[in-house]
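Have a look at the structure below before the remarks.
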Amino acid sequence: MNGAEALIRTLLACGVDTCFTNPGTSEMHFVAALDRVEGMRCVLGLFEGVVTGAADGYGRMTDRPASTLLHLGPGLANGLANLHNARRASTPIVNVVGDHARGHLPYDPPLASDIEGIARSNSRWVKTTLTPQKVGHDAAEAVAASLAAPGGSSTLILPADVAWTEGGAVASAMAVPARRKADESRIRAAADALRKGHGALVLNGPMLRAGALELCGRIAASTNAELLCPTQMNRAERGAGRVAVDRIPYVVEMAQKRLAHLRTLVLVNSKPPVNFFAYPDKPAVPMPEGCEVLVLAGPDEDGIDAAERLADLLGATSTEPRREPLVRPALPGGATTLQGLATVIAALMPEQAIVVDESITSGRGLVGATKNAPPHDWVVNPGGSIGFAMPVAIGAAVACPERKVLCLQSDGAGMYTVQSLWTMAREGLDVVTLVFANRTYEILKGELKNVGAGEPGRKARDMLEIGRPDLDWVSLSRAQGVPAARAENLDELARELAGALKERGPRLIEVKL
Ligand SMILES: Cc1ncc(C[n+]2csc(CCOP(=O)(O)OP(=O)(O)O)c2C)c(N)n1
């Protein structure tokens, strides 16, 4: 067995059975070995940002790593923006990156680069495997490192000669360390603070799943505390029958207003809230001055255990939490408005949908409108690097083939990873993509004002508009094999969305704004 085959067999032995790929010459032995080993699902992406984003979506939905297969330093570099987003979401991923054969590197061939250096920016574990005998051990270590709380990327670099040389040894899964338990003093401090009132629990990571939210809902109901999550959350289970958590708004003034009355924030698997950017004369954080910030459990600690002990101490274990009722709004019609399109989505959202949200300014009404929709998952981008939604939708659809994925995509961000549509078609993925075609970088117009740069002139405006020529999303989609339609108003949107949701397989609707 050569090193490449030992790597694939070890990944499978460690529970990694999905590989998003974009290979090159140095990865050819890995590609060839895929035919000899049963059980690895391989999905091709036509750009590495699609590959890494898909691995992020897969890891977020399964809590298990997918692997990526990337070509040398440049392939990894092309995938870095979505690996950055995945790092911010603490998503487990195992990146496999090929390198030149070791005997070839001293000649400085054209594609040689500092792969370890490039990997380190977004990986918590980086190793170059130097012999086929070490491949299995290193791969098992990479998987375990990606899963250690709170989760992250491992990058295993495999020189071509290590891949092609016989002597590969398969290893079995290594133990993943359990999350650390929070100190008793922190449980007591949180209880004391919440008893005083005007408090909120700020949740992220595993605390945004339905079971953990129930638990926090009991604490909230017994202390009158609120449940919040940072703007930069990763995935929330929400909708009817669930305990709602309110996302802190992106816009600084709105975030400040939302938190103004709070005297204590208790962080559970969350970092303290922070504004996305600095602005002249605005604070860095949205909480009011004097607001106490307590850590109940850090991002890598056992938040559920800490919340259970807190509920115990507060006598809240049998308190009923407030759960959202199911409310379906009537379908609106007429000209497209942001509130109207949010209402259409809330009216038609299927049960157990996975919503991947990169709607940016077009989605301002969405979170409120869908609070009482049937139970669903809401996936957002805690890393802020755009071009995230369509790739992540691929990974979510591969991970959960029985669930409908609703990909809410702004047009500017959509163009970064537009090749995702081809992978959706190739794999027949059950993803409905709505593209919000406002033909501008709308959010940046607001940001220009916010940073105090004044009114844009002609040249500056040209950098913020993406019309001239107008993108034809229906053609972009059909050209890649995804059936598509255009909705000019809310009636057409409702008709097209209802139709797309009834079918299986990828569809795209361009929503003209
Ligand atoms: C990788 C990366 N490049 C550039 C940016 C800066 N940026 C933030 S939002 C944005 C444009 C968003 O436009 P669009 O996706 O059309 O959404 P809209 O603002 O119109 O709602 C840009 C270029 C970024 N966040 N990430």
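Can you pull out every residue in segment 160-187 that is under 30 Å from VAL295 (Cβ atoms), small (Gly, Ala, Ser) and open to solvent by less than 70 Å² (accessible area, probe 1.4 Å)?
ALA182, SER185
Quick check on my filter: what residues within segment 120-138 are of a type in the set (A, V, I, L, M) and open to solvent by 30 Å² or more (accessible area, probe 1.4 Å)?
VAL126, LEU130
Among the residues in segment 376-390, are any of a type in the set (Val, Ile, Thr), part of a loop (DSSP other than H, G, I, E, B) and open to solvent by less than 20 Å² (accessible area, probe 1.4 Å)?
Within segment 376-390 (the criterion being of a type in the set (Val, Ile, Thr), part of a loop (DSSP other than H, G, I, E, B) and open to solvent by less than 20 Å² (accessible area, probe 1.4 Å)), the answer is yes, since at least one residue qualifies.
Quick one: is LEU471 open to solvent by 40 Å² or more (accessible area, probe 1.4 Å), over 24 Å from TYR279 (Cα atoms) and either within 13 Å of the ligand (Cβ to nearest atom) or among the aromatic types (Phe, Trp, Tyr) (or both)?
Judged against the criteria, LEU471 is a match.
Only helices (runs of 4 or more DSSP H) wholly contained in segment 2-119 count here; list those with 2 or more residues that are at pLDDT 95 or above and open to solvent by 10 Å² or more (accessible area, probe 1.4 Å).
3-13, 48-62, 72-78, 80-88
Can you give me the number of residues within segment 274-297 that are aliphatic (A, V, I, L, M), closer than 25 Å to LYS181 by Cα and open to solvent by 60 Å² or more (accessible area, probe 1.4 Å)?
Number satisfying all stated conditions: 1.
Which one of these is in contact (Cβ under 8 Å) with a residue 12 or more places away in the chain and closer than 30 Å to SER146 by Cα: ARG188, ARG258, ARG247?
When all the criteria are applied, what remains is ARG247.
For segment 299-335, what are the residues that are free of Cβ contacts under 8 Å to residues at least 60 places away in the same chain and in contact with a Pro (Cβ under 9 Å, 6 or more places away or on another chain)?
ARG328
Any chance segment 489-502 includes a residue that's on the phi < 0 side of the Ramachandran plot, within 13 Å of the ligand (Cβ to nearest atom) and at pLDDT 95 or above?
No, segment 489-502 has no match at all.
To keep it simple, each residue is scored yes or no on (1) among the charged types (D, E, K, R); (2) away from the ligand (no atom under 16 Å from the Cβ).
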| position | (1), (2) |
| --- | --- |
| ALA284 | no, yes |
| PRO329 | no, yes |
| GLU351 | yes, yes |
| THR361 | no, no |
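Please enumerate the residues belonging to segment 409-456 that are more than 8 Å from the ligand (Cβ to nearest atom) and small (Gly, Ala, Ser).
SER420, ALA425, GLY428, ALA437, GLY446, GLY452, ALA453, GLY454
Keeping to segment 483-513, report how many residues are surrounded by fewer than 21 Cβ atoms within 10 Å (Cβ to Cβ) and in contact with a strand residue (DSSP E or B) (Cβ under 7 Å, 6 or more places away or on another chain).
Of the residues in that region, 7 qualify.
What are the residues in segment 237-271 that are charged (D, E, K, R) and in contact with an Asp or Glu (Cβ under 8 Å, 6 or more places away or on another chain), if any?
Listed by number, the residues that qualify are GLU237, ARG238, ARG242, ASP246, ARG258, ARG263.
Select from segment 347-365 the residues that are touching a Cys at 6+ places or on another chain (Cβ under 9 Å) and closer than 21 Å to GLY499 by Cα and write down the one among them that is surrounded by the fewest Cβ atoms within 10 Å (Cβ to Cβ).
Here the residue is GLN352.
Could you go through segment 238-255 and let me know if any residue there is open to solvent by less than 10 Å² (accessible area, probe 1.4 Å), modelled with pLDDT under 95 and outside any loop (DSSP other than H, G, I, E, B).
For segment 238-255, residues open to solvent by less than 10 Å² (accessible area, probe 1.4 Å), modelled with pLDDT under 95 and outside any loop (DSSP other than H, G, I, E, B): present.
If ALA316 satisfies every condition in (1) buried (at least 20 other Cβ atoms within 10 Å of the Cβ); (2) over 26 Å from the mean Cα position of the chain (by Cα); (3) over 26 Å from GLY217 (Cα atoms) but one, which is the exception?
(3)
The values are calculated or read from the model by the stated rules, or taken from the named source; none is laboratory data. Worth saying up front: this structure is predicted, and the values here are computed from it rather than measured. With ideal geometry, Cβ positions are generated from the backbone for all residues, glycine too; neighbour counts draw on all protein chains shown. Remember, those area values only see protein heavy atoms, side chains included, never the ligands or the DNA or RNA. Shrake-Rupley method; radii C 1.70, N 1.55, O 1.52, S 1.80 Å.
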